[in-house]
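The values are calculated or read from the model by the stated rules, or taken from the named source; none is laboratory data. This one's a predicted model, so the numbers in the text were calculated from it and none came from an experiment. Cβ placement follows ideal geometry from the backbone for every residue including glycine, while neighbour counts extend to all protein chains displayed.
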Amino acid sequence: MEKKKIIELLNSDLQDEHGAIIQYLIHAYSMGEGEMACEIEAMAREEMRHLDWLAETIVELGGKPSLKKGKQNMAGKTVAEWMQNDVGLEDGAIETYKKHIQMIDDPKIKRLLKRILADEQSHRGDFVHFVDKARKEGMKDIRGKRKDSVTKKLDWGIAHEYTVVLQYMFHSYMTKDKEAKKQLEDQAINEMQHLGWLAEEMVGGGGNPVIEHTGLDQSTKLPDMLKADLKIEKEVAEAYDKAAREVNDEGLKKLLRRIRDNEKYHIDVFNDLMKEEK
């Protein structure tokens, strides 16, 4: 099979991993704290690892990782219905990976897809168990309909964090500079933490987090990447500082300032990388 076709298949798989990550995170945040939510977040992290492996393989083949979201099923009003949708998502992934394993003749890539397939089969079994557990416990959607200036700030923060997670991951895949790759990966992980904190704050306060990104920089040269990353970090550090001054809730104020300080750290990291480039 030609490299172009393999890249196309792997990007399709990557997109579906991306869709699964967001679906599972929203389900975990929307059912509240507990063992099941923690286990689903852990599965989302495994899907992130799959995405990472696929993206690195695509770059090795000379392609660019897609930043699009693939298949999702966000229907349902109860946790049991969500878990059944997650079973269905895993069924689709299992079928697709089996098909791609047969189609691709590269032994290294076949081995990678078999490794991912094993995880997906395990996830499916977990979700089948969660369907029964959610039904027995009568688990429900705990999100509310609150919409005010506070939820508007949280929505903005969630959108930003999701955006820079994708942007920094893409930059880390495309750069050949080992130190820059490591730092971009580290900052992406930190931004994912921020997304989780803000989404949980939103649900806890009676809101409904929406995980959608805004415009993404897809530069492929390191100086351009760092310039774009510095620009967005400087803007959001100021925005988080302003938001912290405007909210009255002390817990939320503390959270926003913590994120602001993390963003300032990212600025220092990116400035150091920029100096090394000159």
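Things worth noting here:
- Residue in the stretch 13-27 that is loosely packed, with under 15 Cβ neighbours inside 10 Å and either of a type in the set (D, E, K, R) or over 22 Å from residue 171 (Cβ atoms) (or both) present: no
- Hey, residue 74 over 15 Å from residue 54 (Cβ atoms) and either hydroxyl-bearing (Ser, Thr, Tyr) or within 21 Å of the chain's Cα centre (by Cα) (or both) or not: yes
- Of everything in the stretch 130-162 that is surrounded by 14 or more Cβ atoms within 10 Å (Cβ to Cβ) and more than 25 Å from residue 250 (Cα to Cα), the residue that is farthest from the chain's Cα centre (by Cα) is 135.
- Qualifying positions in the stretch 6-61 - outside any helix (DSSP H, G or I) and at negative phi: 31, 33, 61
- Candidates in the stretch 5-35 are the residues that are of a type outside the set (Asp, Glu) and without any contact (Cβ under 8 Å) to a residue 12 or more places away in the chain; of these, the one that is nearest to residue 93 (Cα to Cα) is 5.
- Among the helices (runs of 4 or more DSSP H) confined to the stretch 166-278, the ones with at least 3 residues that are outside the structural domain of residue 14 (by TED's automatic domain parsing), more than 21 Å from the chain's Cα centre (by Cα) and not aromatic (Phe, Trp, Tyr) are located at 222-246, 250-277.
- Each residue in the stretch 91-143 was checked for being of a type in the set (D, E, K, R), within 20 Å of residue 31 (Cα to Cα) and in contact (Cβ under 8 Å) with a residue 60 or more places away in the chain, and 5 pass.
- A Cβ distance below 6 Å, combined with a sequence gap of six or more or placement on separate chains, defines the contacts here; from the stretch 230-242, residues that are more than 15 Å from residue 184 (Cβ to Cβ) reach residues that are modelled with pLDDT of 95 or more and basic (Lys, Arg) in the pairs 237/260; 237/264; 240/260; 241/260.
- Of everything listed in (1) over 18 Å from residue 161 (Cβ atoms); (2) without any contact (Cβ under 8 Å) to a residue 40 or more places away in the chain, the single unmet condition for residue 273 is (2).
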